[in-house]
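Participant: The structure is given below, and queries will be raised subsequently.
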Amino acid sequence: MRALMEERGVSLRKLATAIHYDVGYLSKVANDLKRPSLPLAHKLDGELQAAGELVELVPERVNARSRTRAATVPPHDDTKVVNPLALPVPLEDPLVDRRMQRLSPSHTEELLSHVGEQWHTLVRTDNLLGPRHALGGVCTQLTILTALLRHVRPPLRDGSLRLAAKYAESAAWLYEDAGDLTASRLWTGHAMEWALEAGDRPMVAWTLFRRSQQAQSVGNGAQVVSLAEAACREQGNVAGPMLAAILQQQAHGLALEGVELTSHDLLDRARECATTDDAGDARAGHGSFCTPAYIEMQRGRVWLTLGRPGRAVQAFESAITDLSPTYQRDRGLAHAGLSVALAAERQPEAAANAAIQALTVAQDSGSTRILSMVTSVAPQLARHAHLDPVAEFLAELDATSAV
């Protein structure tokens, strides 16, 4: 493919435009990071005037998969969570425990400063690359911090507890995104316990926000709203991006209850409180991911919950345009939501193109949330498997499921 592009004087971007494919996706095909489907091979072959050479390079099992996928897609169960990959976990390491027991106060202070700075790096890693790339580092630091908490005394204990709570809450989020809800709830509980011991009310409030998200994942609208309101009460005088995060969470809860107008009033208020800081490292505090683009992505999800896919399409497209490059995982989530909305609007080719981009992020990041959303689109699109983008998506999804 590369040789033909050079011979024809065709750039990757020009080729992507000509055959209506994402340039990032084609780049992975050109660099042997993605396996092309038969429909894509035909498009490339035609555009590059390869006289069938590129088509012949596609393995027969991929060709067969593209032809038969429509008959083999199982019915989707909306309550089923895609099984997570084997995920790292914090360990109880006797050597680490012994080392923490022997730390001097000055060394403990240095350690807390270093591990605290690492937390910001890991938050940014999650935003850029997803849970697969951040969870291992978080678990490593939690191994150290949980050992430290078994021995540290005042005046350094409060700082140790606060930092451990931050890491535990991050672990809860990463496990949730990676599909392990049991581990997510476990680490939310640890974060709340340590925050309460330290008197860290903002973190207690943030763990209530995380509990609200977990209630959303099982469709309990009343609990979503109640826990979000509890987060506001716990924090007291909450403002800025943290308030934006809580308001959009309340909107999701009301949408689950079928309350449209108030849901969008809350999202409008959340947008007013949103931050413009796109660094993605949480230095601005709780909820610093809540940019206007993030709120619009959540608006799209609320429209989907309310059964208004046409309005959801507009919100997701706006979010995708405006999201900072730092938030690659959120961009994948927006593409996944867009694919669901477009499929409901009976636009199978556009839905498949959005799903392909979301699936690429899900594969790279390990985000089971995104994978679950694009998997839910497959049954609707399977009847359109004769369309090239749909066949490409179904083949790629099949290959992902087989890994």
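Participant: Condition first: touching a helix residue (DSSP H, G or I) at 6+ places or on another chain (Cβ under 9 Å), at pLDDT below 95, among the polar types (S, T, N, Q) and under 22 Å from Ala86 (Cα atoms). Can you find one or more residues in region 210-226 that meet it?
Facilitator: yes
Participant: Within region 198-213, track down each residue that is hydrophobic (A, V, I, L, M, F, W, C) and over 19 Å from the mean Cα position of the chain (by Cα).
Facilitator: Across region 198-213, the qualifying residues are Ala198, Met203, Val204, Ala205, Leu208.
Participant: Additional query: Please find, within region 364-403, the residue that is modelled with the lowest pLDDT out of those that are of a type in the set (D, E, K, R) and either buried (at least 19 other Cβ atoms within 10 Å of the Cβ) or part of a helix (DSSP H, G or I) (or both).
Facilitator: Looking at the filtered set, the residue picked out is Asp398.
Participant: Hey, another quick one. Please verify whether Ala164 is in contact (Cβ under 8 Å) with a residue 12 or more places away in the chain and touching an Asp or Glu at 6+ places or on another chain (Cβ under 9 Å), treating the condition exactly as stated.
Facilitator: no
Participant: Assess whether Phe316 counts as being aromatic (Phe, Trp, Tyr) and either part of a loop (DSSP other than H, G, I, E, B) or in the same structural domain as Leu174 (by TED's automatic domain parsing) (or both).
Facilitator: Criteria not met by Phe316.
Participant: Please indicate, with yes or no, whether at least one residue in region 86-105 is over 21 Å from Thr188 (Cβ atoms), within 30 Å of the chain's Cα centre (by Cα) and modelled with pLDDT under 95.
Facilitator: Within region 86-105, one or more residues are over 21 Å from Thr188 (Cβ atoms), within 30 Å of the chain's Cα centre (by Cα) and modelled with pLDDT under 95.
The values are calculated or read from the model by the stated rules, or taken from the named source; none is laboratory data. All of these numbers come straight from a predicted model, not from anything done at the bench. Virtual Cβ from ideal backbone geometry, glycine too; neighbours counted across all protein chains shown.
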